[in-house]
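Asker: Below are the structure tokens for one structure; questions will follow.
Here, each number is a calculation from the coordinates, and none is a lab measurement. Quick caveat: nothing in here was measured; it's all calculated off a predicted structure. Neighbour counts are summed over all protein chains in view; Cβ atoms, including those assigned to glycine, are modelled from backbone coordinates with ideal geometry.
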Amino acid sequence: MKKWVIGAVFVLIIASLASLVYAQSGTIKLLAVSDTPDGLVGSMADLKLDVKKGDGRVFIDTLPASKLDTQITTRFARDMACRYLRVDCSRSDFFYTVIADSTIIGGPSAGAATTILTISLMGKIPLDNNTVVTGTINSGYLIGSVGGVKEKIETAAKRGFKKVLIPRTEIYFEKDNKSIDYVDYGRQLNIEVVRVSDVDEALHEFTGKDFRKNGKQVEIDPSYKDTMALLASELCNRSFVISEKDSILREGRNDSVVNDRKFIELYEKADNLTRLGREAYNDGRYYSSASYCFGANVNYHYLLFKLQDVTDKQVADMIETTDREISILVDFLNNYDIKTITDLQAYTVSKERAMDAADYLNMTIEDLKGNLEGDSKGKRMDSALSNLAYAIERMYSASSWSKFLGKEGKEFNIEKNDLMASCMNKVNEAEEYFQYMQLVFPGLMRNVAEDINNAEEDYKKENYELCLHKASLAKAEVSIVLSTIGFKEENLQQLLDMKLNAAKKTIIEQQESGIFPIVGYSYYEYSQSLRNESIYSALLYSEYGLELSNLDIYFKPRAKAVVVNKELFDIFLIFLGGAVFGAIMMILFAVPRSAEYRPKKIKLPVPQHKKFKFDFSRGRRR
């Protein structure tokens, strides 16, 4: 056999062995529940994962079929695991198989176990087979609430497990009008029940080791700090200017306008928001400052209209001016080349506010039309002024947010097709979480269906950026409600700390990767400002912050352009030409040819000699 044939066979053998080594397989036990006529019943299932060389695809099969599609949750869990390990999973295919004894309720409830299994396999981290986990997987690697925790603990105890991990948000269940703690209930069943808040804590319980401990503080990106400080300063200075105009017009007036209870209440509210804005600015909480001053400006502007006794004509002129400003901004945004996550979020927030302004302008027009027709004239005009004030300030805010476009950062492929795919992924995630909640906790959060529908409407209109943003908020709303089920109000501050800590870790991770999630950080900061005003609002914004600090998983980094030195490139071309010429010469003169192309044997005359006879043909190489 020729040497080159042997070499080719050798290469194929090595490739086959490499493929076998590359393939990986692992399993983990799942705690599940089945929906029966008598209610939820605990059950056990096996989750198997096979990882093979591929293109980053995720396949899921359930035997028998689950009551909920688990494809979206499984893909999200895979993405979170790969990010946790900071490994590139785009060259692997993931095959997940769930084998259960009966039809189970699937969906997000296996998210934590799926993430743990994927991390174990990809990170070569052995797991304790006597430990089992239940819970969803959320942004920030948080393990979220699920249904049927009591039944799952009972199943784990019956199957001989020593430890069961449940979400930290699961505190107790009600039985005979008594609150029974899950940890105490586990002791009664001779099984250790451990509450975990995130993947770090779950991995510690599975392995006895600590992972990814991060004591760093969230450092504000200097570019963000300067721009947001400028935005807050402009909005709060605007508050001062408008309030000064209000004060001048109020002086000397003692009529029904300034003495109206609503007028007085709005003035006090605007003053209070201005004070909060100033305090937040001095503390370096610039997004909170901007938010407070925005609210103050809406109220001040409405009061100014009332004091000026604006006419229908003046309102119509302001509508026309604001509408023109909206059109200019939206045209600019639609033609902007989004490159970074900061670009994407600044674009989204700016466009969302511009669209809000347009909606409020339309409501102003409807109110003004009703006022002209004499339909509840005073009330319709009052509503028109309120809506117009909001539209004008919303447009100003939209313009301010556009200043964040073009900031430096890690660049991604954020083209139309990428945005369309990310939009649908996030809509499906939100839908899956919502359907799971309706199945396990029926009747809750029906308003989220409308939010998801709004995201889908943006998808149909090809407003994929807004679709992604709205679907993210909808998923966050479901997640926070799932998190608070089973929590007593006095423990909600503890839950908020857990959410904020997860958001902080995520933001630090993003910054270390060259990304600054501007909206995610803004909501994280605002959540801290709200904790003493409204714990529920603070929790909601902390979840918003988590969800919007995680968008890079939907986009692939842009390949960096290679800068070539012309002189070196010319030398390379000369070298390459020589190499190609040499290869051609080897093919022509050195490589053995097949028999059909071999030249015919030439028979030479044999010299005559009495003692020696030479046959030259015997010496020819074959």
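Asker: Send over the semi-axes of the range 416-554's equivalent ellipsoid, whole angstrom and largest first, taken as the square roots of 5 times the C-alpha gyration tensor eigenvalues.
Answerer: Taking √(5λ) for each eigenvalue gives 24, 21, 11 Å, largest first.
Asker: Tell me whether the range 313-409 comes out rounded, prolate or oblate; compute the Cα gyration tensor, take square roots of the eigenvalues as a ≥ b ≥ c, and use a/c under 1.5 as the rounded threshold.
Answerer: Prolate.
Asker: A follow-up question, please. Using a simple charge model, +1 on the beta-carbon of Lys and Arg, -1 on the beta-carbon of Asp and Glu, nothing else, what dipole does the range 313-409 show about its Cα centre, in debye to the nearest 20?
Answerer: 160 debye
Asker: Hey, another quick one. Just to confirm a number: summing +1 for Lys and Arg and -1 for Asp and Glu over residues other than D255 whose beta-carbon lies under 15 angstrom from that of D255, what do you get?
Answerer: +1
Asker: Moving to a separate point now. What ranking of S386, S537 emerges when the number of other C-beta atoms within 10 Å of each C-beta is taken as an exposure proxy, fewest first?
Answerer: Ordered from fewest to most neighbouring Cβ atoms within 10 Å, S386, S537 come out as S537, S386.
Asker: Among I143, I414, I125, which comes first, second and so on when ranked by fewest other beta-carbon atoms within 10 Å?
Answerer: Lowest count first: I125, I414, I143.
Asker: A follow-up question, please. Could you tell me which of the pairs K426/K499; K403/K470; K351/K556 are separated by over 32 angstrom between their Cα atoms in the structure shown?
Answerer: Pairs exceeding the cut-off: none.
Asker: Moving on. Going by average Cβ neighbours within 10 Å, how do the peptides 48-61, 392-405, 88-101 rank, with the highest at the top?
Answerer: Sorting 48-61, 392-405, 88-101 by mean packing, highest first, produces 392-405, 88-101, 48-61.
Asker: Using the 10 angstrom Cβ neighbour count as an exposure proxy, how do I264, I535, I480, I518 rank, fewest first?
Answerer: So the residues, fewest neighbours to most, are I264, I535, I480, I518.
Asker: Another question about this same structure. What is the dipole size for the range 471-565, taken about its Cα centre, with +1 at each Lys and Arg Cβ and -1 at each Asp and Glu Cβ, in debye to the nearest 20?
Answerer: Using Cβ point charges on Lys, Arg, Asp and Glu, the range 471-565 gives about 420 debye.
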